[in-house]
Amino acid sequence: VAANCREGNHINTVLPPSIAFLILAVFGIAWVIFGWWLGRNNRTLDDYMLAGRNVGLAFATATAMATWVTSNTTMTAPQLTYQLGVWGMVGYSLGAVGLLLFAPLAGRIKQLLPHGFTSGDFIRRRYGNLAWRVFLLISLFYALGWLISLGMAGGILVNALSGLQYHIGMSVILLVCVSYTLLGGMKAVIATDFVQTLIILSGVVLIAFLVIDRIGFDTIHTDLSNNHPMLLNLLFPAALMFLFNNLLFGVGEIFHSNVWWSRAFAFRDKVGARAYLLAGLFWLPIPIVAGFIALAAPSLGLQIPSADMVGPMVVGELLGTTGAIVVFVVIFSALASSLDSLLAATADLVTQDIYRGHINPGATDAQCYKAGHYIIIGLGIFTWLLCLPRFTTLASLLYFTGAFVASTIWPIVFGLYYPWVTGKAATTAMVLGTAIGLLSYFVIGFYVAALVSCAVSLVSIVIVSTLETGSFDFRKLSGGKQP
Amino acid sequence: MISAASLSLLVYVALTLTTLAIICLAVMMWRDWKRNQLW
């Protein structure tokens, strides 16, 4: 383990800063050139925002999967395994449920809104302006929270792994992602996601095989039984509680966010459902493979300064600089694959629902195409400015967005299938679910926020719809693109 | 408490599935490319 630290925040880093910077530079330049090459034939708003609405199964599956593999999957899965044991990695892998459940919705979305652009489009047409604006607040708050958290995670991870200054790592990662998303639009995001998926999967498989080869299951199990028996315990209450809340949070994130809706619009007819199903199945084992690495820490006698560094430290100790390079590339790919998707989808939401929906209602596709470019740059600068001071409290915003996103699950699901749900019911469900979910977050704890929000939202939507039954005509959803 | 055999089974199954995912993605890509259905 190399000891390279400029800021003094981490005594043990796994990679010299010069190598880290070289990797960032080489991969960064490669992604930007690739993005420019992919976007060179973009002509229309559909090309730029939705990759021409004709994405095939391979790209579709890989982009859904890569976007859901964030730095959290590659860093937090080992951390949770180190803290919560076997349930930590198995519980984290249940994040795949969100992708699996979204599969039928993706098919339905494409069928109902063949010309749709964003999740906001659906809420506006289905529930009216009030519900649309409430949904936009929730959606933008979540998207910006996730963007800031990813931007900061980039700087913090690069600093923790290599000692390279936080501001440099954060700025380079943001600059690279903004540049190739800007140049290539959704096509660049999807194609880079495919390559990044292969890098992430190959990296975690390689590392796990090497851990098994160098240490072996018997040694790992014996050391854990002697020193950390709780990690092998299958009745670990804290782990079970985490698992349940995490599952609902993940479902809420995927169901409402334009990151997933824009993909449903972008995929070719009949590809969406299959792609999300495959992505969920392919994603399922990744947290187990990545998390397992942490179980080797006791066998190596490692002193882990903070639990979130356990994965890279095990690899650095076992495999030296080569292993550290693999970890760094995997984490960089995981970060970039989520950051680019979020940038593109949030820019789409701002372009369609804020610019065309509120600022310039008569905007043509050409004007939106141009505005979309400025909005990506604006989002990049906005994120960079908020990440600059490294207020870690900002990143923790993401934790209580669970209350916000879980309140949208039922308005989305019911709205897609049942004509009797009204705009008033959906608005009440989102407002009450969020408010009471947030209250429970502060009064009880983080682990109940999504659960309470989801339950309150369900009860509200059913009660209000019973009092005032609607009869929505789903054909109204398939109209043109003007808000 | 999970046994060493169960732990190794869990991890090997996960590793096999992840390896299969890599192969499936590569095959799907080749098939889409051959049929000109990438985009």
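The values are calculated or read from the model by the stated rules, or taken from the named source; none is laboratory data. All values reported here derive from a predicted model rather than from experimental measurement. Cβ sites come from the backbone with ideal geometry, for glycine too, and all protein chains shown count toward neighbours. The protein model used for the area step is the full one, side chains on, heavy atoms only, and it has no ligands, DNA or RNA in it. Shrake-Rupley method; radii C 1.70, N 1.55, O 1.52, S 1.80 Å.
Assorted remarks:
- With a 1.4 Å probe rolled over the protein heavy atoms of all chains, the accessible area of A:TYR48, A:TYR374 falls in the order A:TYR374, A:TYR48, largest first.
- Alpha carbon centroid spacing (whole Å) that separates region A:421-461 from region A:201-266: 27 Å
- Rounded accessible area of A:PHE141 (nearest 10 Å², 1.4 Å probe): 60 Å²
- Alpha-carbon centroid distance for the pair region A:37-51 / region A:77-146, whole angstrom: 24 Å
- Adding -39500 (n - 2.57) for every DSSP H run of four residues or longer, then dividing by how many residues chain A holds, sets the calculated 222 nm ellipticity at -24500 deg cm²/dmol.
- Relative to the longest principal axis of the Cα atoms of chain A, the long axis of helix A:365-387 lies at roughly 40 degrees.
- With every protein chain in place and a 1.4 angstrom probe, the accessible-area ranking of A:ASP46, A:ASP121, largest first, reads A:ASP46, A:ASP121.
- Each of A:THR74, A:LEU247, A:PHE267 was placed along the dipole of chain A (beta-carbon charges, centred on the mean Cα), and the one lying farthest toward the positive end is A:PHE267.
- Listed pairs A:LYS187/A:LYS424; A:LYS110/A:LYS424; A:LYS110/B:LYS34 exceeding 32 Å between Cα atoms: A:LYS187/A:LYS424
- Placing A:ARG274, A:ARG390, A:ARG126 in order of accessible area, with the largest value first and a 1.4 Å probe, yields A:ARG274, A:ARG390, A:ARG126.
- Neighbours of A:SER179 by Cβ distance under 15 Å: Lys/Arg scored +1, Asp/Glu scored -1, total +1.
- Accessible surface of A:LYS187 - all protein chains present, 1.4 Å probe, nearest 10 Å²: 40 Å²
- Between region A:275-344 and region A:162-198, the alpha-carbon center distance in angstrom: 18 Å
- The amide H of A:VAL55, built 1.01 Å from its N in the peptide plane, has A:PHE267, A:ARG268 as neighbours under 5 Å, considering only residues 5 or more places off or on other chains.
- Heavy atoms of A:GLU468: accessible area, 1.4 Å probe, square angstrom to 10: 80 Å²
- Cα-based helix-to-principal-axis angle, A:129-162 vs chain A, degrees rounded to 10: 20 degrees
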